[in-house]
Structures are given as structure tokens and as C-alpha cells.
Amino acid sequence: MVGLEAIAFSVPHYFINLTDLAVARGIDPDKYTFGLGQREMSVATPCEDAVTLAAGAGRRLLSDFNVDPESVALLIVGAETGIDHSKPIASYVHEMLGLPSLCRSFEIKHACYGGTAGLFTASQWTMSGRAAGKKALVIATDIARYGIGTPGEPTQGAGAVAMLISDNPTLIEFDMDGEGYYSKQVMDFWRPIYSKEAFTDGHYSIACYLDALQHSYDAYRRASDHDGDPYFADRFVACLYHTPFVKMAQKAHRRLLETDAGAPFAPGSPQAKSAGDDFARRVAPSLEINTRVGNIYTGSLFLSLANFLEDQGGRAAGRSISLFSYGSGCQAEFIVARVGERAGQAMKRQSFRTILDGRKRLDVRRYEEILEANGAADLNDSKVCDPNVWRIDGPFVYLGVRNHQRQYVKGKKNNEK
Ligand code: COA
């Protein structure tokens, strides 16, 4: 057996309220809150990057779940937000977390799918017997940037999710027999190496996502013993999706049910209404965290998983859930997992709500200053990464690039439990 033994996340120090952003852009706030389903968005300052976020999530996991760093023999970081053409985020994180030198560490990139690719690799390693009792730490870390005034602006966000994979899957156990995946070259979202901001054909990316979901779910059903069951998806107590914005998960859930039904639901039909009710029952309760963090690319699906395990892990013990991962470009995977009998007890940590409530709210002017300063954060000898200016106290702080090398220090929060 293989699956998750621990999960923890980190977010930057600041957030912006999406109603404030809509007003500043002259857009009806209902578009962001009801149309996209978002309330808040985490914002990373120049002193917070994919490394500090990943290390923050990893540190919280090791401490909250009492994991001995010496037990970790594989560290995989999945990220869209690469910080170097050559050196992986994983090398920095390996040192920051005090992991042993008898450890493999590397980075995987495939847009928002990189974290799932890491989970798959770590699970195969564990199942192969080569782990020999050791564990794998997989961290999905990203800063989603589309830029000021773009249609993607309200779907930005930042954060990281760390997951411990082992043969003691207290939280969820993966179904390693069933597989449903799908790959196709599409130009829906990309980020050329000269750009900090992503380019996207937004509406096309939604269509590509739904197409990939249908194919990978269909592949999973066909590979399953229960092929032909018209209510296949009913077996899942919760359905979790890659969530760049909450409305996307709603569209995805409807497509899942339409795939079972074998035809699209007509707008306003009883089936469409029932799909909406089912979304409210099996999907929406795990999306509160996503409405408050925004898109974190590789980690978005796993934020939702953390929300689900904290709120429903106890009563869902022994039941199956589905997880759908989508990375533009594209690669998709439909995963099924069983909730552990002790998942509820194991998740009795600091609530995600407490962590999010600890963030500080930005006004739109300060948010724009931060986004503009971020453009210079990775230039050699730039002065913008000053923790006193941005009031950043760790646990890990990015100080910019000196002599063409990235500089990091521990912040005050590193001494706190
Ligand atoms: N009140 C309530 N809802 C409103 C509204 C209002 N005043 N104005 C618009 N809406 C709704 C729209 O009907 C739409 O909902 P629907 O899709 O259910 O019809 C939603 O709000 C978004 O409006 P839309 O006009 O489609 O927004 P947009 O063209 O400005 O951009 C994205 C939306 C998602 C394409 C854009 O944010 C984007 O490119 N994001 C990044 C790419 C991404 O996340 N892709 C996802 C797949 S990976």
C-alpha cells in the first residue's frame, strides 16, 4: 500500500480581497465572487519565492506530523515557477529542511501537473521496494502571475503544499491498480523563458481542461472492474479537482457527471440542476481554502485535499475520493484514493483557517507596488528584496541575487513552532 502520511501548506504573508480588486479595475465584483467563485488571493512579495514557500510548507509538515528529516530519502519539487534554468528548487529546500545527504532531490515541471508527476514517481518508488522503509517528500510550489489588468489577474495566487508519501498512508491510500491519464499537445497556457508572467488563451484552456478530464476519467472507468456502471462517480464521497478558480471545479464536476450520463445536460434541465446540487454536496465543501488562496498551479488540487481531510477526514474514513489533476500543455490524470481510518485524528493540527486568518490584507495600491517590484526581484544586485520594506519575517526569506547567486536567510518565524 502507498499514499499520504502527512500534508501541510504555506502561503505568503499577504492577501488581497477580490472585491477591492474588482472595484479598482471598474469591474462588477460579482464577476470575481460569483462568476469565478473567488474571495481572496494570496500575494507574494519580492522576499517570497517558490523556494521559501516550498521550504515553509515542508517545515510545517515535518514539525506538525513529527517527521524525522533523516527518514526522508526522496525529495521532489513540482513547480511551474522555476527560479533557475539549471539549479532546482529542490536543492535549496533540501538544505533548508536539514534533509540527509543520502537522499535524491530534483524538480519536475509540467505546468500545474508537476506535483502530481512527483506523487506518481514517489508512489512508484515506494511500491518498488527500493524505499526500504524510507519516505518521500513531494512539494508543489508556485506563484501564479498573469499581470495587472489582464483577464487572468483575479486568478493569480501563491503558495505551496508538502506531502509525505510512504507505505504507511494514514491520510489517503492511492488505488494503484486503476489508472486514467491523458496527454495532448495544446497551446492553452505557457510562459516563455524571458517572461515572469504566464500567457494563456483562457477560454481555450477551460475547454482543454474539460476535454482532458473527460478522456482521463473515461480511461479510468474503462480500466476499472465496474466499467459500464452508469453512476460510476457516485462511489466517491468527495470529488477534488485542479482548481485555478472555483468555477472551474464546478464546470469540471458537471462534465464528470455528463460523462457518466453519456451526453451534455441542457441548460436549465433537471440534470443540470441536480449536477449543481451535487457540486454543492461533494465538491464545494473542500474549496473554501481555494476561494481564499487563489491559484497556486501545481498545489491547487492538494490545497483542496488538505481542506477535505481537515473538515471531512474523520467521517469519510474508509470511503473513496477522486482527484483530478490537469497541467496545461497538456497532461491530465484521474486518481482514486481511499481515506485512512485515522485520517481525522491525524489532521488535528493548526486549522487552515487560522493560517489564512494570520495573513495581512493589502490595499490595491500596495499590491500593485509589490507586483511591479517582483519584476526586478531576480536581477543581479537588485535592491527590491528587502525584508524590512515588505515586513517579511520568515520562516525563510529570499534576499535577492548577489554575485549571480540566490541568497536566503532564516526569518524570525523559523524559531516558532
Ligand atoms: N456577475 C456574475 N457573473 C459574471 C458577471 C457578473 N457581473 N460577469 C461575468 N460573469 C461570469 C461569466 O458568465 C463567467 O461564468 P461562466 O463561465 O459560468 O459563464 C465568469 O463570470 C467569467 O467571465 P468571463 O467573461 O468568462 O471572464 P474572462 O473572459 O474575463 O476570463 C478566464 C475568465 C478564466 C478565462 C480568465 O480569468 C483567465 O484567463 N484565467 C487564467 C487561465 C485559467 O485559469 N484557465 C483555467 C484552466 S487551466
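The values are calculated or read from the model by the stated rules, or taken from the named source; none is laboratory data. Worth saying up front: this structure is predicted, and the values here are computed from it rather than measured. Ideal geometry is used to build each Cβ from the backbone, glycine not excepted, and the neighbour counts take in all protein chains shown. We work out accessible area using only protein heavy atoms, side chains counted, and drop any ligands, DNA or RNA first. Shrake-Rupley method; radii C 1.70, N 1.55, O 1.52, S 1.80 Å.
Any of Lys184/Lys251; Lys31/Lys273; Lys360/Lys413 with alpha carbons more than 18 Å apart? Name them for me.
Lys184/Lys251; Lys31/Lys273
Given just the C-alpha atoms of region 72-129, how large is their convex hull per residue in cubic angstrom?
Each residue corresponds to 80 Å³ of Cα convex hull volume.
Please arrange Phe324, Phe174 by accessible surface area, largest first, computed with a 1.4 Å probe and ligands excluded.
From most accessible down to least: Phe174, Phe324.
Could you list, bin by bin from short to long, the percent of Cα-Cα pairs of region 1-146 in 10 Å steps?
11, 36, 29, 16, 7, 1
Please work out the Cα center distance from region 100-129 to region 45-59, rounded to the nearest Å.
19 Å
Calculate, in nm to one decimal, what Lys273 and Lys348 gain on full extension: separation in residues at 0.36 nm each, minus their alpha carbon distance.
23.5 nm
Normalising by the residue count of region 3-410, find the relative contact order in percent from Cα pairs under 8 Å and 6+ residues apart.
About 23 percent, as a whole number.
With a ≥ b ≥ c the root eigenvalues of the C-alpha gyration tensor of the chain, is it rounded (a/c under 1.5), prolate (a/b larger than b/c) or oblate?
Oblate.
Output the peptides 284-294, 326-336, 391-401 sorted from most to least packed, where packing is the average of other Cβ atoms within 10 Å over each peptide's residues.
My ranking of the peptides, most packed first, is 326-336, 284-294, 391-401.
So which residue, out of Tyr194, Tyr146, Tyr182, gets the largest mean-square fluctuation from a GNM of the chain using Cα contacts under 10 Å as springs?
Evaluated over the chain, the most mobile residue of the options is Tyr194.
Using 0.36 nm per residue of separation minus the Cα-Cα distance, give me the extension gain between Arg281 and Tyr194 in nm, one decimal.
27.0 nm
Pick from Val339, Val246, Val364: which is most flexible by mean-square fluctuation in a GNM of the chain where alpha carbon atoms under 10 Å apart are linked?
Val364
May I ask which residue of Gly152, Leu97, Ala22 lies farthest towards the positive end of the charge dipole of region 3-410, with charges of +1 (Lys, Arg) and -1 (Asp, Glu) on Cβ and the Cα centre as origin?
Leu97
For His85 and Arg319 in the same chain, what is the full-extension length gain: residue separation times 0.36 nm, less their Cα-Cα distance, in nm?
In short, 80.0 nm is gained.
Using just the Cα positions, wrap region 134-218 in a convex hull and report its mean projected area in square nanometres, one decimal place.
Convex hull of Cα atoms, orientation-averaged projection: 8.1 nm².
Take the Cα of Gln407, step 7 Å along the line toward its Cβ, and report every residue of region 29-72 whose backbone nitrogen sits under 19 Å from that point.
From region 29-72, the list is 45-53.
Compute the orientation-averaged projected area for region 152-278 from the convex hull of its Cα atoms and round it to one decimal in nm².
Mean orientational projected area (region 152-278, Cα hull): 10.5 nm².
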